[in-house]
Every structure is written in C-alpha cells, then in structure tokens.
1. If you fit an axis through the alpha-carbon atoms of helix 351-361 and take the longest principal axis of the Cα set of the chain, what angle between them do you get, 0 to 90°, nearest 10?
2. Can you tell me the Rg and Dmax of the chain, counting just the alpha carbons, in angstroms?
3. Would you mind getting the accessible area per residue of the stretch 222-293, heavy atoms of the protein chains only, 1.4 Å probe, in Å²?
4. For residue 342 paired with residue 717, estimate the spin-label separation in nm (one decimal), with each label point 7 Å from Cα along the Cα-to-Cβ line.
5. Per residue, how much accessible area does the stretch 469-530 show when a 1.4 Å probe rolls over the protein heavy atoms, in square angstrom?
6. Of 166/375; 322/733; 411/733; 166/411, which ones are farther than 29 Å apart at the Cα?
7. Please find the FRET efficiency linking residue 122 to residue 436, where r is the Cβ-Cβ separation and R0 is fixed at 51 Å, and quote it to the nearest 0.05.
8. Counting other C-beta atoms within 10 Å, and keeping those with at most 16, which DSSP coil trypsin sites (Lys or Arg not before Pro) do you find in the stretch 642-722?
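The values are calculated or read from the model by the stated rules, or taken from the named source; none is laboratory data. Predicted model only: the values in this text are computed from it and were never measured. FYI the Cβ positions are ideal-geometry reconstructions off the backbone, even for glycines, and counts take in every protein chain you see. The area values use the complete protein model at the heavy-atom level, side chains included, leaving out ligands, DNA and RNA. Shrake-Rupley method; radii C 1.70, N 1.55, O 1.52, S 1.80 Å.
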Amino acid sequence: MVTRTERTAVGLDAWLAEEYGFAGELSPIGGEGRNFVVTTSEGRRFVAKLDEDGSDWGEQDRAIDAAHSALAPLGVALPTVVRTRAGLIESMRRTADGRTMALRLLNWVPGVPWLESGPPTAARLRDLGRALATLDVALARVDLPAARRTHHWDLAQAARHRPLVKEVRNADLGTNPRYVRRELADWAFHVYTACAGPALPALPHSLIHGDANDENVLVDDGRVSGIIDFGDSLWNPTVCDLAIALAYAMLELPQPLDAGAEVVAAYHAVRPLSADELRVLFPLVLGRLAVTVVTAASRRAIDPNHPTWFITEDRAWRLLEKLAAFDPNAAATALGSGAGLDSASAHGASVPSLLEHRRAHISSALSIAYREPIKMERGSDQYLYDDRGRPYLDLVNNVCHVGHCHPRVVKAGQRQMARLNTNTRYLYDELTQYAERLAATLPAPLDTCFFVNSGTEANDLALRIARTHTARQHLLVVDGAYHGHSSALIAASPYKFMGPGGSGRAEPWVHIVPMPDGYRGKHKGHGLAAGTAYADEVGRVIAEAGAPIAAFMTESFQSCGGQIVPPEGYLATAFRHVRAAGGLCIADEVQTGFGRAGTHFWAFETQGVVPDIVVLGKPIGNGHPMGAVVTSRNIAASFANGMEFFSTFGGNPVSCAIGLAVLDVIRDEQLQSRALELGTRLRDGLRSLMDAHALIGDVRGVGLFLGVELVRDRATLEPAAAEATELVNRMAKRGILLSTDGPLHNVIKIKPPMVLTADDVDMTCRVFDDELGRLGLTH
Ligand code: PMP
C-alpha cells in the first residue's frame, strides 16, 4: 500500500503549481494516500488524484463531461476533469524513485455521502434513480475499449467469488441460529447464479459507473447532488448499475423493496427497463450483497481492523436477512411495481388447486416428490424454477442429461417436427444417421439398433430378443433391481414385487441373484475377492434354477437398488457363468449410460465386459421419450423370424434428430470428462463430511452416479430411512433436489444433469453439511 508520504515523494505541491498554475492547501482523503483535496487561496476546491500508470481513458472523461451536462438540470454534478495548462487530461512524471506517476485534477462535487445523510426520503430515492438513469443514458453513447475489463466488483462476474462462502465461519454468527449467515450467502449466490447468470449476456450492455454505493452518491440539502469515483466503471449489462445502487440504497431500511421500487420507477422513467432487466434486479442485488459479505469474511484474516473493508458488512447481512423473506417473483413484482412489471406469478393454477385437480383425475398410485409439493414452471441447464421463481439445483434428474431444455436439443426437435415426422417403414436420413452414430459409441459386435419410446419398452424388447434367440424363457435379475413398468418387467423387478404393495416373486421364470453390494451385502469390499464372490452367486443361482436361462438382465450399476457400483471383476465373471450356461447378458444402461460414469461412455465398460444386448433410455433423448436396444447382427438375425417388429413412434425422425443433438452436445461440451471431474469432486467433498457426521455410512459411486447411504450405526448399519427423507426435504427447501432410494430407502441418490459446475458441487457439500448438522446427529 502507498503511504501518506506519497505527496512528498512525488513533489505534489510543485507539480500542481507547474501544471495547473496554482498553489493550494492539500489534505489527504481516503485510506491510500493518493487522493487529496486541493483548496486554492480563492477557496475553490478540487480533488487531485495520483495513479501509478497513466490512463488511456480520455474517452471516459469526454463521456463524464457529457453526462455532467446531462445531469446539470437535475442539480447533480460529476467529477469532471480539469485540464492542465497544456490542455491535457493528466500529467505524467517520473518520480525520484523511478516510478511513472499520473496526476489528474477533478472538479469538486458538493455534498456529503449518502451514507452520512440519514434515512432517505422518497424524493431522494427518486433522485437517485433519475440521476443514475440519466448517467447511464449518457455513458451508453460511448464505446470505450478500455472499459471492456473486469475487476473484483464486476457484478456480471459475481459468481467468481462464490467459493468464498466457505470463509463465512459459524463463529461469526453471533446470536443468529447456527449456520444462518452461511445459509444466507449460499442462498444469495444460488439465486444470483441461477436467475441472473443465464439472463445477463442477452441484456443491453454499456459503459456504467459500476459503483454507485452510499459513499459515491453525494447528498446536499436532502437531494442527490453528485455521483463520484468512476474508478470501477466498466462495460457491463447496464442494469447492473441500478442493481448496485439499489443494494446500497436499501441498506438499513425497514421496507427495503418499497424503497427500491422508488429508485427503480424513477430510473425507468428516464431509461425504460425491459421485463428481463426488471426480473434480474433482485438476483443482482443479492449477488452484490453476497460479494460484499463474503469479501469481508475472507479479508478478516488479512486485517481485521482495516479502516474500510468492513463498513458495509453488517448492514449487508441485515439486508440479506430481510430479503430472504422474498421469493424472486415476489421481489421482482415489488421492485418493478412502478415500472410496469406484471406480476410474474399471476398465471397458472396454485399448488393447492393443482393438488385438488390431481386428486380428481390422476391416480394416487403416482406419488409426488417432497413433503411440500413443488410446482415447476421452467427448466434451464442444471436448474428448475418453481412458480415463485425459486431456483432449484437438480441433482437427481438424469433424464435431462445435457441440461434442462438444452437449446441445441430443443432446436433440433423443433426443426425436424416442422419438416417431417413419420415412421420407420419409410427411408429417411435421420434414422440411419442416428443408428450409425449410436452404434459407433458401442464396442463390436453391438451394431444393430431397435428404437422404442421408453426404458420399459426397451427392456421388454430385450427380453423378447433374448428369449427368441435362445429359445428359452428363464431370466436372472439382481435383487433390488427395477427394469420397467410392463407386466413382464414388474415380474422381473424385485424392487417392485418385494417392495410396498408387492406380493413377492410371482413368476417361476424369474431368478434373483444377490445385489453385488460391497457395503451392506454378504461379501464386503470393492475388490476382486468380493466381485468374484458375488459373481459366483450368479453361477450358484443358475445351477439352482432348475431350467435353462435365456438371459441375465442387470444394470451395469444398480440404481433403484441403492446407487451401487459392483466390486471389481463382478460383471466379467458373472457374464462368464451366464454364457457358460448358454444365456445372454443384457446390460440395462437406462440410468448409467451416455458418459455419466465419467471414465467411460457406458458403465459396463468400467467392468471390462461387452454385453450381448444393451438397453438405453432416460438420457437418450434428454427428456424426449425414447428408448433403444442395441445388439449384434447375429442375435438380431434370430429375432427377424417373420414376426415383425414395429413401434409406431420408435425411431421417428424427430426422435432421431433429438438423439443426434444429444450425442453432439455430449461430445462438444465434453460432458463425459466433466462428469468425471465434478463427480470426483462431489464424492470427495461428501466423503470429507463423514468425520463430522456419523449418519453418513457410505459415499459411493463413479462420475456423476453417486449415492450416500445413511445409517444410525456404522457398526450395525441400521438404516436411517427417516433421516434420509428428512434430509432430502430439507435440501429441497434450500434449493437442492435429491431423492432417496435403495431397498431400505436410506440411500440419497445423486445423478444430476451433466452440466453441473464446481460451484454447484461445493454448495451441495456445504448445504449437506449444514442440514446434516441440523438433523442433530453429529458426533
Ligand atoms: N431400467 C431402469 C434401470 C430404470 O431405472 C427405469 C426407470 N426408472 C427403467 C428401466 C424404465 O424406464 P421407463 O420409465 O423409461 O420406462
């Protein structure tokens, strides 16, 4: 830091006299010893600013001059530049110690900081909005290449500081309930990232002041008299200027959004705000406050007594606490009330009404997720948004594999739907293109595709193919498995027939092998010994079946069974047993395929095997109903026995176009390696919570296929199902969607869209930590 000796170090008094032709009293302002008030003998005042480098911001000074003129009728001044005697905007000199310094002189702006001028009146709030809008309109006329930069307080990049949430320590919480401040910071960044982040690039950008805080807005005689300090100005979404001003203008006010609405309405009257700009204001305000509080928290370790670092911190926390009472839609409506924003939540039926109508027309055999049902309104990337505008990080929907409503996938479907949609008895490019592309992802000899409309249909077809090929009927399935909702597959899904409402194994052709669960099962561990032991159980069941086996149908990793990755070598040895008995091996990749495993595109590849039939579903169409069976030419040939295979919708041009787009996005956005990187980060982060939380019995999985098994006792493995349900509901309230699974309902499953970010992962771990702590079962 530069000290107050700067004045003498650079000979400021003489410099001023030589370049500007006057002598004056100098007194330092600010903490860094580089800014001085200059008072001339006639009593005129200026601000002298010293800088390490010269600026190339001459254009900015012209813009400030123009804005100053535009603001003059409002009685608002800006710090315009005083030129040197030679007519220059700054004077450059080499100092005795070899540095190049620039000196600038600015006209004095009258007034005292907003911060020191008491609670604002409505008139003053409107002054602020009007002045800022006038300034923004004037600045928008300037294209300033040097402004295309970023800095710590760049609100469009606020998410960069999200990792600092971890610096908010519980010890900082004073009398607040445990974790409340960290929760607030996480919530603020979450809403900012999910609600403002995706919208910002499309909003109007211009040169903005960038720091209209309560020290830089000056007040004289109760009215806004000036806006100073253009040091943080930059090219940004224009609305960020307003959001920053709002974040400060609302501090310490009993009804912050009402006060904010005054500023917004007055701003809107001068520079009309679009509905999209109005909707991002609240998330942007939260982003600014979040950066303020986490920056302060992170700087405390550097200098807890710094004169300026912490001046806004407590007030920003208090404002966040107040704003936390508002949903994004309600806050947008409140802030935009004077700017013509329609209530965003007015359309569609309410949650209670939907529940009532659902009871009337939808079977209660279909349950609803979460204790407090959520009405979803839209999805984007890894987020879903409810009817109150609240964003949720979706950690459980593996269908929207490349992100909710991915624009490339949507466009591919729309384009094809507008051109041609017919069935597979005609020739069209999309079917063969897609079959080729899909087959290319699979190892030889898997090259022949059948297209259907769901995972159920695909598994059902796989079973038929295996039965036809082998001329046998019996099927091996894994305990706890779910393969689909057709009659045949319910009979082949222990998850269903052994679960609630089930009446046990009904079909003699179904044979159950143990779940290869190295944590809870009979054979512990994840190595070859456990893998071989479980695989030999498959051999034993085949021997005991009393009938020849058509196939072994298994997920490559068990999903509904509790997010279980089988131990090393399991599938290789199990497949050997099945094939030795003349059966086929069917890999159900409905939950696990398309790169989710991270290291490999298909989960069976992690076990070094090649199945005879592969079944695909869920992510294949990113939400568009599709399923596929891929097998070898040879096995497919047995199935072509004269009985036709035809699915009316399966493989239609629209589905194929969508399937192709999904494959393109996985490749172009490198989602498989992302799954590996972020899945590992998430698994490690969750494992690191095991020391503090006895409830976590096991954290397992690969890539973005993870499970957290909760137990009441790590020795007895007593399942903690009620706690798992409670945790999942609490996480949903914090904006993170998860669900429970496994035969004991005590496994939290994690299988998010693969467009997750590292910040999402870190937030998930923090919120997991908070909420597990609140369950009261910490060591
Ligand atoms: N196989 C597995 C492993 C599944 O998890 C599911 C659905 N949860 C299915 C098949 C059935 O797929 P769908 O619901 O698309 O019919």
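1. Value to nearest ten degrees: 20.
2. In Å, with Rg to one decimal and Dmax whole: 32.3, 111.
3. Dividing the accessible area of the stretch 222-293 by its residue count gives 24 Å².
4. With each label placed 7 Å out from Cα toward Cβ, I get 5.6 nm.
5. Computed with neighbouring chains in place, this is 47 Å² per residue.
6. Beyond 29 Å: 166/375; 411/733; 166/411.
7. After rounding to 0.05, the efficiency reads 0.15.
8. On the way: sites: 667, 674, 681, 683, 687, 700, 712, 714; in loops: 712, 714.
In loop regions of the stretch 642-722 (DSSP not H, G, I, E or B), the sparsely surrounded trypsin sites (Lys or Arg not before Pro) are 714.
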